[in-house]
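The values are calculated or read from the model by the stated rules, or taken from the named source; none is laboratory data. A quick note: this is a predicted structure, and the numbers were derived from the prediction, not measured. Cβ coordinates were reconstructed from backbone atoms using ideal geometry, including for glycine residues, and neighbour counts include every protein chain displayed.
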Amino acid sequence: MSTSILDSRQLFQAAKLIAVPLPFALAGYSYAFSQNAVPTLYDQPAEVSTPAIKDIYQSGAKFVVPGNILSLAATAYLAWKAPAQRNLWATAAGSLVALIAWTPLVMRRSNIVRLLEISESKALQEKATATLEARQLLVKWVRQNYVRAALAFVAGVYSVRATLA
């Protein structure tokens, strides 16, 4: 009698149930903010836009970070356990690694830290409104967030291809 909750076949199928839809959910989530939510903040004063982007960023992390980690774990497991589809699963996993690295290495350094800093100071908000700095940072955030959406979408496409192969 086995003492594990899932046997290896069940674990393999469960990993697929995570690895296929979750990257598409992550892609849609990122795309929606870039397409619909953040652009509405462009013409708002920094007193409005920077606290809003701070909330978007912090609440988004509650879904995006665990979703990325779970999806990466599933695709990496499948790359390990499915030799015939290893390259496809590994490509999906690689795209997720790139996505996980993109936020701190590119987005945080180039605009998120500054937006969060502006959101905490009335003087910085007034200056960022007058110089359009907040608007420029938001435009940059949207462009960079499209990259995150694309990386998640690539992971989803390769996961589907691996499942169908």
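Spot the failing condition for residue 116; the list is (1) surrounded by fewer than 20 Cβ atoms within 10 Å (Cβ to Cβ); (2) under 19 Å from residue 72 (Cα atoms); (3) in contact (Cβ under 8 Å) with a residue 60 or more places away in the chain, and only one is missed.
Condition (2) is where residue 116 drops out.
Taking the criterion of being under 13 Å from the mean Cα position of the chain (by Cα) and either buried (at least 21 other Cβ atoms within 10 Å of the Cβ) or closer than 21 Å to residue 38 by Cβ (or both), would at least one residue in segment 78-91 satisfy it?
Scanning segment 78-91, I find no residue that is under 13 Å from the mean Cα position of the chain (by Cα) and either buried (at least 21 other Cβ atoms within 10 Å of the Cβ) or closer than 21 Å to residue 38 by Cβ (or both), so the answer is no.
Across segment 67-105, what is the number of residues that are touching a residue at least 40 places away in the same chain (Cβ under 8 Å) and of a type outside the set (Gly, Ala, Ser)?
Matching residues across segment 67-105 total 14.
So how many residues does segment 39-56 have that are surrounded by fewer than 20 Cβ atoms within 10 Å (Cβ to Cβ) and in a helix (DSSP H, G or I)?
Looking only at that region, the number is 9.
With the structure loaded, tell me whether residue 161 is more than 21 Å from residue 43 (Cα to Cα), over 18 Å from the mean Cα position of the chain (by Cα) and in a helix (DSSP H, G or I) or whether it fails that test. It would help to see each step written out before you state the result.
Numbers: more than 21 Å from residue 43 (Cα to Cα): yes; over 18 Å from the mean Cα position of the chain (by Cα): yes; in a helix (DSSP H, G or I): yes.
Answer is yes for this residue.
If I ask for residues that are closer than 15 Å to residue 134 by Cα, under 20 Å from the mean Cα position of the chain (by Cα) and small (Gly, Ala, Ser), which ones from segment 38-61 would you list?
Selection gives 52 alone.
Considering only segment 121-135, I want to know if a residue exists there that is exposed (fewer than 15 other Cβ atoms within 10 Å of the Cβ), acidic (Asp, Glu) and in contact with a Ser or Thr (Cβ under 9 Å, 6 or more places away or on another chain).
No, because not a single residue in segment 121-135 is exposed (fewer than 15 other Cβ atoms within 10 Å of the Cβ), acidic (Asp, Glu) and in contact with a Ser or Thr (Cβ under 9 Å, 6 or more places away or on another chain).
Take the residues in segment 92-110 that are polar (S, T, N, Q) and modelled with pLDDT under 95, then tell me which one is nearest to the chain's Cα centre (by Cα).
Of everything passing the filter in segment 92-110, 103 is nearest to the chain's Cα centre (by Cα).
For the condition in contact with a helix residue (DSSP H, G or I) (Cβ under 6 Å, 6 or more places away or on another chain), in a helix (DSSP H, G or I) and among the aliphatic types (A, V, I, L, M), what is the one hit in 15, 25, 61?
Numbers: 25 fails: in contact with a helix residue (DSSP H, G or I) (Cβ under 6 Å, 6 or more places away or on another chain); 61 fails: in contact with a helix residue (DSSP H, G or I) (Cβ under 6 Å, 6 or more places away or on another chain).
So the residue among 15, 25, 61 that is in contact with a helix residue (DSSP H, G or I) (Cβ under 6 Å, 6 or more places away or on another chain), in a helix (DSSP H, G or I) and among the aliphatic types (A, V, I, L, M) is 15.
Exactly one of these conditions fails for residue 32: (1) small (Gly, Ala, Ser); (2) at pLDDT below 95; (3) out of contact with any helix residue (DSSP H, G or I) (no Cβ under 8 Å at 6 or more places or on another chain). Give me its number.
The number of the failed condition is (2).
Tell me, which residue of segment 81-126 that is part of a helix (DSSP H, G or I) and among the charged types (D, E, K, R) is farthest from residue 138 (Cα to Cα)? Talk me through it step by step, then tell me what you get.
The initial filter retains those residues of segment 81-126 that are part of a helix (DSSP H, G or I), namely 81, 83-119, 122-126.
Remaining after also requiring among the charged types (D, E, K, R): 81, 86, 108-109, 114, 117, 122, 126.
Details: 81: 42, 86: 38, 108: 12, 109: 14, 114: 11, 117: 13, 122: 18, 126: 16 Å.
The qualifying residue farthest from residue 138 (Cα to Cα) is 81.
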